[in-house]
Every structure is written in C-alpha cells, then in structure tokens.
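In what follows, a structure is listed as structure tokens, so that the remarks can point back to it.
The values are calculated or read from the model by the stated rules, or taken from the named source; none is laboratory data. On a predicted model such as this, the values are computed, not experimentally measured, just so you know. Here the Cβ positions follow ideal geometry from the backbone for every residue, glycine too, while neighbour counts run over all protein chains shown.
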Amino acid sequence: MSAEDDEVEKSSAPLIEHLMELRTRLMWSIGGFFIAFLVCFFFAKHLFNLLVVPFKWAVAWAGLNSNKVELIYTAPQEFFFTQIKLAMFGGLVIAFPLIAAQIYKFVAPGLYRNERNAFLPFLIASPILFLMGAALVYFFFTPMVMWFFLAMQQTGGDGEVQISLLPKVSEYLSLIMTLIFSFGLVFQLPVVTTLMARVGLLSSQALADKRRWAIVIAFIVAAVLTPPDPVSQIGLAVPTILLYEVSIWAARMIERKRDKEKLEREAAEAAQPTPGDAPDVPSA
C-alpha cells in the first residue's frame, strides 16, 4: 500500500463520526450566516442607500438632479421584506468564506495531499472572482442599465404626458441582486473549467472546438439572467466570452504542466537501474 493510500486510510472514520462532523460544520455555517444576517439587517437601510449610489450616478449621467433620487414602495410591508431579503443576501456573501472553509474541512480528510493542495487555490480564487463580478456590476453595469431606463422618461409638454421613473424598492433590489448574482456566477467559469481540466474531464482543445457553441450559449444565458434590455444582455455576454477564452488558456497551462511532470517522471524512472541489471565488474 502506498503512502497516499495509508494517508487516506488513517483519515477514514465510521459513519457516525462523519455525521457528527457534518453536524458540526453545518452548525458553524448556519451560525455564521445567522450572525451576518443580523448585522446586515441592523444596517439594512444603510446598505440599501449604498446600493442606490449607482442609480444616483445614472441620474447624474442623464442630466437630472441626483440629489432628488426617489424610490417608492406600494405595500406597507414591502420595504420591511426588502430589508430582510437584503440582509439574507448580504449575510450569505459575508458568511461565504466561512461556509466554504467548513465545506473544505469536511471534504479534505477524504482527499490525497496533492488533491488538497490543488483544491485550495480554487477555494481562494472563487470568492475573489465573485467580488470582481460584483464590483463590475456596481461600478459600471448598474449605472449603465439605469441610465438606459431613465432615457425612456418623458418630461411632458407639447402634447406629451409626463412619464417619470419611480422604481419600487423591492424591484430595484431584485434588479441589482440579479445582476450581482449573474455576474458573480459567470465569473466562476474559469474556476469550474480549470478544475474539470485538472481532473481530466475537459481539455483545452475540446473547449476551443466548442467556442462557437459557447458564444451562442453565453448570449442565451445573458438573456435569461438579465433584464430584457440589450445593454445588460450584451454586458453579461461579452465578459462571459472573455472568461471562456481565459478558461481555454488556463486549461492549456494545466496540460503543459501535466505533460512536463509526466516527462520528468518518465525520465527519472528511466534513469533508475532495473532490479535484474548487475553492475559491470572489471576483469582481472
């Protein structure tokens, strides 16, 4: 039995111990999420005002008075439930590193050491990429989308009815949460494809051959996940295609590294003498 097999054998445990370990990890994850939820709910109004900042930027881009940005709610309980939804979303984002760490600690004992070392960088890269997608939504796409909708207003006069945009707090939060979730999910594409390439389920050549299909699927997914406007759909599809190209490049790097390690291993095995070979003895 190899050393790696011994390592996994030592980490094996009865079913009851696995269930107790799972319960502990779930308690830590739920507790972390609950604490983050309470903190976010306490600051829900401040967080909502922070999320309205891109709307203010869009109002300024449209040449309107950004100091008079107004949102409404049409049901007595609407803003309360909006704050709960915002607290749940914020709590999940804040508690995600803790939840991911608990998942890793539960799964890690069943992995080889090289598998744990390979999995850990992706565990770190995933939240970083999600935050990059969320930042892109906050600083660029939300103001652009809201500016697109603001451009449809009518000021009134000359036989026209005045039509003003007064977003509901729940619908505005749903819009920005959908955009953040969509972009954060899309930004996980390099992580998923690189992991699949590392375990041999995907190859860079297969990804390159399916590039045309990937472009079509990117626009279909963007049409489903984003509001029905061309700005947000193109804004999600283009980064998806760019991230797909990054995934192809990452898969090639993994394949080159794997081929190099294979050649080095074969060279080391070839350099070792076989058991049947005897050293040359000089004649007397």
Worksheet item: Could you list, in sequence order, the residues of segment 57-93 that are of a type in the set (Gly, Ala, Ser) and not in a loop (DSSP other than H, G, I, E, B)?
Response: Ala58, Ala60, Ser66, Ala87, Gly90, Gly91
Worksheet item: Which condition number does Ala36 fail, the rest of (1) surrounded by fewer than 16 Cβ atoms within 10 Å (Cβ to Cβ); (2) over 30 Å from Ala151 (Cα atoms) being met?
Response: (1)
Response to the item:
Okay, helices (runs of 4 or more DSSP H) sitting entirely in segment 183-284 with 2 or more residues that are over 23 Å from the mean Cα position of the chain (by Cα) and either surrounded by 10 or more Cβ atoms within 10 Å (Cβ to Cβ) or at pLDDT 80 or above (or both), I get 204-209, 230-271
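Name every residue in segment 151-168 that is at pLDDT below 85 and either assigned to a helix (DSSP H, G or I) or surrounded by 12 or more Cβ atoms within 10 Å (Cβ to Cβ) (or both), in order of residue number. Talk me through it step by step, then tell me what you get.
Initial filter on segment 151-168 (at pLDDT below 85): 151-165.
Correct list: Gln153, Leu165.
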Worksheet item: When you go through Val93, Val59 one by one, which is the residue that is buried (at least 16 other Cβ atoms within 10 Å of the Cβ), under 30 Å from Met152 (Cα atoms) and not aromatic (Phe, Trp, Tyr)?
Response: Val59
Discussion item. Go through segment 177-207 and report how many residues are of a type in the set (Phe, Trp, Tyr) and touching a Leu at 6+ places or on another chain (Cβ under 7 Å).
Written reply: 2
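Table: residues versus (1) modelled with pLDDT of 80 or more; (2) within 12 Å of the chain's Cα centre (by Cα).
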residue: Leu92; (1), (2): yes, no
residue: Phe96; (1), (2): yes, yes
residue: Ile99; (1), (2): yes, no
residue: Leu111; (1), (2): no, no
residue: Asn117; (1), (2): no, no
residue: Pro121; (1), (2): no, no
residue: Ala125; (1), (2): yes, yes
residue: Ile128; (1), (2): yes, yes
residue: Leu131; (1), (2): yes, yes
